1. Each label point is 7 Å from the Cα along the Cα-to-Cβ direction; what then is the distance between the points at B:Val114 and A:Thr193, in nm?
2. Charges only on Cβ, +1 for Lys and Arg, -1 for Asp and Glu: so what's the dipole of region A:84-204 about the Cα centre, in debye to the nearest 20?
3. What does the copy distance list look like for B:Leu92, label position 7 Å along Cα→Cβ, in nm and ordered from shortest?
4. List the relative contact order of region A:64-208 as a percent without decimals, with contacts defined as Cα pairs under 8 Å and 6+ residues apart.
5. Distances from B:Glu142 to the same position in the other copies: list them in nm, one decimal, shortest first, using label points 7 Å from Cα along Cα→Cβ.
6. Run through the other copies and list how far each one's label point is from that of B:Thr193, in nm with one decimal, shortest first; the point sits 7 Å from Cα along Cα-Cβ.
7. For region B:25-41, what does the Karplus curve 6.51 cos²θ - 1.76 cosθ + 1.60, with θ = phi - 60°, yield as ³J(HN,Hα) per residue in whole Hz, taken in order and with x for Gly and Pro?
8. Take the rotation relating chain A to chain B, measure from its axis to every Cβ in chain A, and name the nearest residue with the distance in whole Å.
Number of protein chains: 2
Amino acid sequence: MSRPTSAREPDGQRIRRRGRRPAGQQTKEALVEAARAEFAERGFDQARVRSIATAAGVDPAMVNHWFGGKDGLFMAAMDLPIDLGEVLARILDGAPAHTGERIVRTFLSVWDPVSGGPFAALLRSVSSHEQAAMLVREFVAERLFGRLVATFDSDQPKLRAALCASQVVGLGMARYVIRVEPLASAKPETLVTAIGPTLQRYLTGDLS
Amino acid sequence: MSRPTSAREPDGQRIRRRGRRPAGQQTKEALVEAARAEFAERGFDQARVRSIATAAGVDPAMVNHWFGGKDGLFMAAMDLPIDLGEVLARILDGAPAHTGERIVRTFLSVWDPVSGGPFAALLRSVSSHEQAAMLVREFVAERLFGRLVATFDSDQPKLRAALCASQVVGLGMARYVIRVEPLASAKPETLVTAIGPTLQRYLTGDLS
């Protein structure tokens, strides 16, 4: 997605960018990192695009340019540390009968290194802001679990995706936000063994 | 717990109470209701005991008198619409093999009538406030699921209680806060059938 630096970018960033970091992947990442911190601290509603851009040393106009606005930036900030395509690829890479376990393992491998990171911020946003709830709904239920369920030929695919989302969101809540012991400090494989079968049943088992 | 009204209450409420509602269960409930609204609107941190008391037409000192302060009031506000003892009694009333189903049914019977009610507020508080997280931890994981698990003779009782909490909290998130369809508008019995076995396995199944 990176473009060669040009002397005449369509939005004239060349002039406004003077004295700031060069545009490109690095600056984009700085913006996403600053957004992560701002959303974590203030939630979706109170987070300010201008503050985020300032913290990243980027012109606020670049937020629209790169992310289409605050919503897109929020999505990008939550989309970490690996992207959805990579998450899906990891989960689908193996025997279908162990997909549930791989969902738990992948989820923990993404969030454990940042101790849940923006998970609390995400929940704060979701619980106070319909737009954030919609984004999570679209992202988690449709783009992630919807596509996973679609790889099986199960009945009630939407209910299955929603059930998976409920357990995974609950796992994140219990481990990173409420921090219920011993779940909060359990080894990942303990949770893979405990919760994997739940997700496997939600994906392919009998729900009636 | 109600006391007969006395002409000389230890804290002298009789005089300060003049022109306000009489002390007693009714006023206590008004306070809890006002607290519920305030916590729902502002979250734990921003909620003000003084505002709650004013809304309920009660002297703020009564909050300490009855609930020991803001934390206790929060507990009382979240403890609704039926108390923990009643919840436990409902869940335990039946065949042990269907305890998981009764957990889901009871959870929905408590929260569905208020459309999740303070659930979003609770999460907002939990995600921004360690004290609120601690309260939920104590309330949900220890007092509720800890006691349920203790009625079975299972290994790893604390992990089991935490796993139950993770699925139930996730169910509340998905149904009332994120509102993932079709889970958000599914009939209770659909969710009882779908999620009951998950909880049953967390209570008594093989987790290794």
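1. Output for this residue pair reads 3.9 nm.
2. 140
3. Result for B:Leu92, in nm, nearest copy first: 4.9.
4. Computed value for region A:64-208: 32 percent relative contact order.
5. Here the equivalent label points are 4.2 nm apart from this one.
6. 3.3
7. Those phi angles translate into 4, 5, 5, 4, 5, 4, 5, 5, 5, 5, 5, 4, 5, 5, 5, 5, 7 Hz.
8. A:Gly170, 1
Bear in mind these aren't lab numbers, they're just calculated from the coordinates by the rules spelled out. All values reported here derive from a predicted model rather than from experimental measurement. Here the Cβ is made from the backbone with ideal geometry for all residues, glycine too, and neighbour counts use every protein chain on show.
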